[in-house]
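For reference, the structure is listed below as structure tokens.
The values are calculated or read from the model by the stated rules, or taken from the named source; none is laboratory data. Remember, it's a predicted structure, so these values are computed and weren't measured experimentally. Don't worry about glycine lacking a Cβ; one is built from the backbone with ideal geometry, like all the others, and counts go over all protein chains shown. These area figures cover heavy atoms from the full protein model, side chains too; ligands, DNA and RNA do not enter into them. Shrake-Rupley method; radii C 1.70, N 1.55, O 1.52, S 1.80 Å.
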Amino acid sequence: MVREMREEMPYGIEEGGREEEGGFPNTSHKRLVVVGYALTSKKIKSFLQPKLEGLARNKGILFVAIDHNKPLSDQGPFDIVLHKLSGKEWRQILEDYRQTHPEVTILDPPDAIQHLHNRQSMLQAVADLNLSDSYGKVGVPKQLVVKKDASSIPDAVANFGLKLPIVAKPLVNDGSKKSHELSLAYDWYSLQKLDPPLVLQEFVNHGGVLFKVYIVGEAIKVVRRFSLPDVTKRELSKTAGVYRFPRVSCAAASAEDADLDPCIAELPPRPLLEKLAKELRRRLGLRLFNLDMIREHGTRDRFYVIDINYFPGYGKMPEYEHIFTDFLLSLVKGKHKKRSG
């Protein structure tokens, strides 16, 4: 079926590395770019929107659902496999397929994705990078991992030197609703009410705005989102307890059109983001991810990465259809150049 459809469509990638003539595409030797996808029903609905599929078809890209009841090697042929499924069995299927089909681009390698499922290791690449240049400094909040025994948390936090208030996040980031919930603890006693395994981070005041930095290969798009409000010293002294929040950056409204203080609204410098994205692509081995980034309130150039997500909600990214289809074509063109070169 896929082989037949390859012949029908005149766009896509040109065979044999022939150049386009006179500025117009030479469609006589073009073939279809086939992207096999293995996504959850929720991801299919949010990502594979009609506008994306229509634009992709015009550019010679066909999205084909992978059938989980058939061996992956019996399907296709694919140029790219796009996936966001969990489980050891699926990881093994992909790894075996990768070994037998080195010509197919897997977005992204399962082992690299697995690295982001643990919040302890997730931010290590940012911490190791310790990025600092004339445009700013990027780090991670001071954090502590607690795997069990909630009653020991107050002592562990005090010994480690974390300051209140403290953000608590589930240690496992598997994309589930629960994994994106967070709590804010205002006093030492309340820390015992938390439910390990957790990552505890010092809360950094950031003007109630975070930056969603979407990365698609070498493309970068940034949007502002409302976040948790700042906590003053007075509030901290008068407030006790643990406050639970849903998925903050997703549940929150866009802050793009809000009347914000320019110091809070100013996006991180482009050169800083490009350097950060390039390094993280290399260190993480990923091409599809986003960063939740904040600027410390009262500073202009002190940034923190507080979360990294693989294959995020690109449907909420402006112009994602054009960015994503251009990215897919560039991957296949890159492989053709390597083979013909």
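For the stretch 190-222, the candidate set comprises residues that are within 15 Å of Pro165 (Cα to Cα) and touching a His at 6+ places or on another chain (Cβ under 6 Å); within that set, the residue that is surrounded by the most Cβ atoms within 10 Å (Cβ to Cβ) is His206.
For the residues Leu272, Leu228, Leu284, Leu280, the requirement of being in contact with a strand residue (DSSP E or B) (Cβ under 6 Å, 6 or more places away or on another chain) and under 20 Å from Gly139 (Cβ atoms) singles out Leu272. Taking the stretch 231-247 as the range and being assigned to a loop (DSSP other than H, G, I, E, B) and in contact with a Phe, Trp or Tyr (Cβ under 9 Å, 6 or more places away or on another chain) as the test, the residues that pass are Val231, Thr239, Ala240, Gly241. Quick one: is Ser132 polar (S, T, N, Q), without any contact (Cβ under 8 Å) to a residue 24 or more places away in the chain, open to solvent by 30 Å² or more (accessible area, probe 1.4 Å) and in a helix (DSSP H, G or I)? So Ser132 fails the test. With respect to (1) at pLDDT 95 or above; (2) out of contact with any Pro (no Cβ under 9 Å at 6 or more places or on another chain); (3) not acidic (Asp, Glu), the lone exception for Leu85 is condition (1). Can we say Arg225 is in a strand (DSSP E or B), surrounded by fewer than 16 Cβ atoms within 10 Å (Cβ to Cβ), at pLDDT below 95 and of a type outside the set (Ser, Thr, Tyr)? Spelling it out, it is not the case that Arg225 is in a strand (DSSP E or B), surrounded by fewer than 16 Cβ atoms within 10 Å (Cβ to Cβ), at pLDDT below 95 and of a type outside the set (Ser, Thr, Tyr). For the stretch 53-69, does any single residue satisfy the condition of being open to solvent by 20 Å² or more (accessible area, probe 1.4 Å), in contact (Cβ under 8 Å) with a residue 12 or more places away in the chain, farther than 28 Å from Pro318 by Cβ and not charged (D, E, K, R)? Yes, there is a match, as at least one residue in the stretch 53-69 is open to solvent by 20 Å² or more (accessible area, probe 1.4 Å), in contact (Cβ under 8 Å) with a residue 12 or more places away in the chain, farther than 28 Å from Pro318 by Cβ and not charged (D, E, K, R). Condition check for Leu182 on (1) open to solvent by 80 Å² or more (accessible area, probe 1.4 Å); (2) closer than 30 Å to Lys42 by Cα: one failure, at (1). For the stretch 82-124, the set of residues classified as open to solvent by 10 Å² or more (accessible area, probe 1.4 Å), closer than 20 Å to Gly217 by Cα, out of contact with any strand residue (DSSP E or B) (no Cβ under 6 Å at 6 or more places or on another chain) and not in a loop (DSSP other than H, G, I, E, B) consists of Asp111, Ala112, Gln114, His115, listed by residue number.
Residues that are closer than 16 Å to Glu202 by Cβ, open to solvent by 30 Å² or more (accessible area, probe 1.4 Å) and hydrophobic (A, V, I, L, M, F, W, C) within the stretch 145-173 comprise Val145, Ala156, Ala158, Phe160, Leu164, listed in sequence order. With respect to the conditions (1) closer than 29 Å to Asp257 by Cα; (2) modelled with pLDDT of 95 or more; (3) assigned to a strand (DSSP E or B), Leu200 lacks only one, and its number is (1). Only one entry in Ile323, Ile264 is at pLDDT 95 or above, assigned to a helix (DSSP H, G or I) and of a type in the set (Val, Ile, Thr), namely Ile323. Considering every residue within the stretch 143-156, establish whether at least one is basic (Lys, Arg) and touching a residue at least 24 places away in the same chain (Cβ under 8 Å). Within the stretch 143-156, one or more residues are basic (Lys, Arg) and touching a residue at least 24 places away in the same chain (Cβ under 8 Å).
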